[in-house]
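First the structure, in the form of structure tokens, and then the observations on it.
Values in this text are rule-based calculations from the coordinates and carry no lab data. Being a predicted model, the structure only gives us computed values, none of them experimental. FYI the Cβ positions are ideal-geometry reconstructions off the backbone, even for glycines, and counts take in every protein chain you see.
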Amino acid sequence: MAFWKFTALRLGLVAVFFVICLWMGLGVLVSALAAAVLAWCVTYLFARNMRDEAARTVQRRFTEERAPKRNRAELDDSAAEDGLVAGNPDVQIDNDRRRDV
């Protein structure tokens with residue numbers, strides 16, 4: 001949730017700065033660039049706690065210790081391999097993805 005709050009804050013600031021820059025007559029492209037830079041500066045200087053919490057949220061999302069999610073095709077392949085090995089103990093399955101050339 002912290003990630004989405006921080007993103008909403010930054011996008012809101014971009015919109016506000018964009019409108020202000022357009023009102024000042026800077027043009028669309030310059031206004032967009034200036035708004036993005038100004039929003040980044042403001043959130044960098046004044047939203048440290050929110051930014052750090054958003055970073056922790058993203059880090060937890062991608063580094064949690066849990067089993068990888070598998071789709072149906074992967075589960076079916078795994079079941080087929082397990083069945084083949086169980087029925088034929090002399091069969092070896094080489095699932096090493098690295099191939100020495």
The helices (runs of 4 or more DSSP H) lying entirely within region 1-85 that contain at least 2 residues which are among the charged types (D, E, K, R) are 2-23, 48-63
Of the residues in region 47-80 that are among the hydrophobic types (A, V, I, L, M, F, W, C) and surrounded by 10 or more Cβ atoms within 10 Å (Cβ to Cβ), the one that is nearest to Leu13 (Cα to Cα) is Ala47
A careful count of residues in region 1-49 that are touching a Lys or Arg at 6+ places or on another chain (Cβ under 7 Å) and of a type in the set (A, V, I, L, M, F, W, C) gives 2
